[in-house]
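Accompanying notes for the structure given below.
A short reminder: the numbers here are calculations on the coordinates, not readings from a lab. Because the structure is predicted, anything quoted here is derived from the model rather than measured. We place every Cβ from the backbone using ideal geometry, glycine too, and count neighbours over all the protein chains shown.
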Amino acid sequence: MATIKPSLARGTRDFGPDLMAKRKYIFGIIESVFRLYGYQPLETPAMESLQTLTGKYGEEGDRLIFKILNSGDYFKDIQSTQLDEAVATQSRSLTPLISEKALRYDLTVPLARYVAMNRGQLNLPFKRYQIQPVWRADRPQKGRYREFYQCDVDVIGSASLFNEAELIAIYVTVFQQLGFKAFTVRINNRKFFAGLAAYVGLAEQVGSFVVTLDKLDKIGAEAVEQELLALGAKAKELAEVLTLLQLKERAALVKGLEGFSADAGVALGLQEMQQLFAHLELLGLSQAHVAFDLTLARGLDYYTGTIMEVVTHEVAMGSIGGGGRYDNLTGIFGVDGLTGVGVSFGAERILDVMEQLSLFPDTVVQSSKILLFTFSEKEMPYAIQLLKTLRTAGIAAEWYAEGGKMKKAFTYAEGKHIPYLAILGEDEVQQQTISLKNIQTGEQRSVRHNALLDLLKD
């Protein structure tokens, strides 16, 4: 058999023990906050029907869905004329001929599918959280991977804007518990865009209008203006809208939008935004980490109301979370009238930011609290009995069964971030004591069993 050079698929990465420990730490805090707010866990399959996923994420999103080839001879049941025509025209009509399934792109559409299939058994409003990987055929770059975890939390079956306020509170609580200091939850409302698009003459191109606005942070106002003019926007009206979009103060934004409130969508968006801020003020979240940002667009087609996104100001990184309100997403699956709202945490980016800011506690990467070392087989029964005592007390412990020189055990303990080394020789066995060495400071002292347990439980 030929030797294969080991390599990773582009846009993926391995997670060794230290990174996995840090990842679990992030997931643990996120999940504990989800449960604090009354959400229940859910998992859905990695694969979904291609039909389930297609058409939910906009044209660009559809291109990034990882399709799965049908099993066996997937050309067998295709008529030659269909195949020839699809190949000759390089048509996307080839895809459904050879692929019926795809890897999930996000966790929201699978949630909508689950709700539609289980509508009769669900207790509404249905509050669920989900921590699972998703896949996107995106161009890999810093902070962007083709396989990554999302941590989603959604409410299905409630139109109350208090849900949005609580989701923002969840964001703030989680990031504060993770140690973030300078971050902002940017919020906006998609209802504004239809009215603004109509004002600049793009009433029939709202989707393209939103997608272009979503590039403001990336390419700047001048480039966005040129793209919208190329779509047919009216120059004078577009200049007014772009000036409005770049206002930062909430009061100024509200006043500016009131000038467009003759449009029903803008008027309703303003009403929802004011109600949301009223909830946020009651929760004490209106100022410190929350900002009304009219430039926030979020390109996913299924958002219909409040949208939000989290950015950190401590590290150059894209958004580390986002979400919003989606009306009747389950209608696609035959269940009408169920509105929903949810947000997602970008776990991979959060991990990268926390690494750069050194936000992980030292104890996160500890594999055990103590490593037992014996010089010979004579001390083995004593070591094993002590090992059982420690584990019964809930203290993670290991025995370095390789024997040999103490230096190897010391190196092993350092590599696994184990803070203490218990040295067990003939004297310790006779006296029923432990020579305890602090790996970090080098301090060594003799202790008895009870004292050891008390010290390691602190």
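Regarding region 366-457, what whole-number volume in Å³ per residue does the convex hull of its Cα atoms give?
Value for region 366-457: 84 Å³ per residue.
Beyond 16 Å, what share of the Cα-Cα pairs of region 341-391 is found? Please give it as a whole percent.
The share of Cα pairs beyond 16 Å in region 341-391 comes to 64 percent.
Among the trypsin sites (Lys or Arg not before Pro) within region 154-217, which fall in a DSSP loop and have no more than 16 other Cβ atoms within 10 Å of their own Cβ?
Answer by residue number: 181, 215.
Can you tell me the mean projection area, over all orientations, of the convex hull of region 261-381's alpha carbons? Units nm², please.
15.1 nm²
Based on the Cα atoms of the chain, what semi-axes does the equivalent ellipsoid have, where each is the square root of 5 times one gyration tensor eigenvalue, given in whole Å with the largest first?
Each semi-axis is the square root of five times an eigenvalue, giving 52, 30, 21 Å.
With N denoting the number of residues in region 220-292, provide Rg(C-alpha) divided by 2.2 N^0.38 Å, to two decimal places.
In units of the globular-protein estimate, region 220-292 measures up at 1.32.
Given labels modelled 7 Å from the Cα in the Cβ direction, how far is it in nm from residue 123 to residue 177?
2.1 nm
May I ask you to derive the FRET efficiency for residue 141 and residue 287 from their Cβ-Cβ distance with R0 = 41 Å, giving the value to the nearest 0.05?
With a Förster radius of 41 Å, E is 0.75.
Take every DSSP beta bridge with both residues inside the chain and express the antiparallel ones as a percent of the total, to the nearest 5.
80 percent
Only four residue types carry charge here, +1 at the Cβ of Lys and Arg and -1 at the Cβ of Asp and Glu. Report the dipole size of region 366-457 about the Cα centre in Debye, rounded to the nearest 20.
Taking the Cα centre of region 366-457 as origin, the dipole is about 220 debye.
What percent of all Cα-Cα pairs in region 312-370 falls into each 5 Å bin, going from 0 up to the bin containing the maximum distance?
The percentages, shortest bin first, are 4, 14, 15, 12, 12, 11, 10, 8, 7, 5, 1, 0.
Suppose we look only past 13 Å in the calculated P(r) of region 265-335. What percent of the Cα-Cα pairs does that tail hold?
Percentage above 13 Å: 74.
Which order, highest average first, do 355-368, 23-36, 264-277 follow once you tally other Cβ atoms within 10 Å for each residue and take the mean per peptide?
Descending packing order for the listed peptides: 264-277, 23-36, 355-368.
Go ahead and estimate [θ] at 222 nm for the chain from helices alone: -39,500 (n - 2.57) per DSSP H run with n ≥ 4, summed, over the residue count, rounded to 500.
-12000 deg cm²/dmol, from helical runs alone.
Length gain on complete extension for the stretch residue 59 to residue 249, per 0.36 nm per residue less the alpha carbon to alpha carbon distance?
65.1 nm
Using a basic spin-label model with each label point 7 Å from the Cα along Cα→Cβ, how many nm lie between residue 378 and residue 226?
8.4 nm
What order, most packed first, do the peptides 328-340, 308-320 have when packing is the mean number of other Cβ atoms within 10 Å of each residue?
308-320, 328-340
Can you tell me the alpha carbon radius of gyration of region 91-245 divided by the globular rule-of-thumb value 2.2 N^0.38 Å?
In units of the 2.2 N^0.38 Å rule of thumb, it is 1.32.
Any idea what the dipole of the chain comes to, in debye rounded to 20, about its Cα centre with Lys/Arg Cβ at +1 and Asp/Glu Cβ at -1?
920 debye
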